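Student: Got a structure for you, questions after.
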Amino acid sequence: MEQLIHRAALDLANSKYAIALTGAGISTESGIPDFRGPQGVWTKNPEAEKAAYMGYQRFQEDPKQWWVDRMASTGVLGDMDIALPNAGHYALVELEEADMLKCVITQNVDALHETAGSKNLLEYHGSRTKLRCIGCGARFPRASFDLEKLLREESLPPECPECGGLIKTDGVGFGEPIPSQVASGNFQETLKCDLMLICGTSAVVYPFAQLPRIAKQRALELENYSHHDSDDFPTVKIIEINAELTPLTDRRGVRLYYSRSYWGNITEYS
């Protein structure tokens, strides 16, 4: 374990453009359950997962009722208002402040990275603290709308002050397009990185799970186009920290250094 941690630290220190990808696993120590782990909310309640897959479709069919149901629900993840960042969130902030980490891309909507102090933060699936217009894509702080008043007046869903379009929560549902600006920003960061730190994601939700594969494929293509035999050709190192095996660690053709501490270093695809 110590050898792997030391190797990961050296790789991170020697990188020129390191980024981090995070999923639900980084927030479990903050009291927010994950989805697909042994005690995940969908593992224990498959019906909740089925309902989640239908959420965006229900919004499209009846946005007013979707909002009414949403505001009446406590949410499958519990009260996230009381959750606080943990050591994992703060460690990424420290790496960013030391200029060793250039960007955090997160699947999480819990806003704990923002609360911890991450500056260059891309929220792939949105944030629970924001609302978004499905027409023009404008994002607004949740507090800028009096949702309780709109509920009482039966005036849901909110209307976008920019274009008059429908407002929904910022969280991206299954089947809902990733906002174009978010998708573009994540793609550009992935293309620039030479090290990707993956923390607490099951790596099964696409297109987010495609990002490490894009990074590795880019490195292999650059290597193939290299006209000299040296150690200087571009490469991407991927370090995965996860409590369970994922398609990244368990995929045929991946060479993996793995320990009981669940540190892994994926070094090449065949």
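Student: Provide the FRET efficiency to the nearest 0.05 for the Glu159-Asn120 pair, computing r from the beta carbons and using R0 = 45 Å.
Tutor: Numbers: r = 32 Å, r/R0 = 0.70.
It comes out at approximately 0.90.
Student: How would you rank Tyr206, Tyr17, going from fewest to most other Cβ atoms within 10 Å of each one's own Cβ?
Tutor: Working: Tyr206 8, Tyr17 15.
Least to most surrounded, the residues fall as Tyr206, Tyr17.
Student: If you don't mind, there's one more thing I want to ask. In terms of modelled amide H atoms, which long-range or inter-chain residues lie less than 5 Å from the amide H of Ile238?
Tutor: Residues meeting the criterion, in which the H sits 1.01 Å from N, are Met196, Ile266.
Student: Something else now. Reachable lysines from Lys216, Cα under 30 Å, same-chain residues fewer than 8 places away excluded?
Tutor: Those lysines meeting the cut-off are Lys16, Lys102, Lys119, Lys192, Lys237.
Student: Which of Val104, Val205, Val41 has the fewest other C-beta atoms within 10 Å, and how do the rest follow up to the most?
Tutor: Working: Val104 27, Val205 17, Val41 20.
With the fewest neighbours first, Val104, Val205, Val41 line up as Val205, Val41, Val104.
Student: Rounded to whole Hz and in sequence order, give me ³J(HN,Hα) for region 12-23 from the Karplus expression 6.51 cos²θ - 1.76 cosθ + 1.60, θ = phi - 60°, writing x for Gly and Pro.
Tutor: Calculated HN-Hα couplings, in order: 5, 5, 8, 6, 9, 8, 9, 10, 10, 10, 10, x Hz.
Bear in mind these aren't lab numbers, they're just calculated from the coordinates by the rules spelled out. These figures come from a predicted structure and were not determined experimentally. Neighbour counts run over all protein chains shown; Cβ positions are idealised from the backbone, glycine included.
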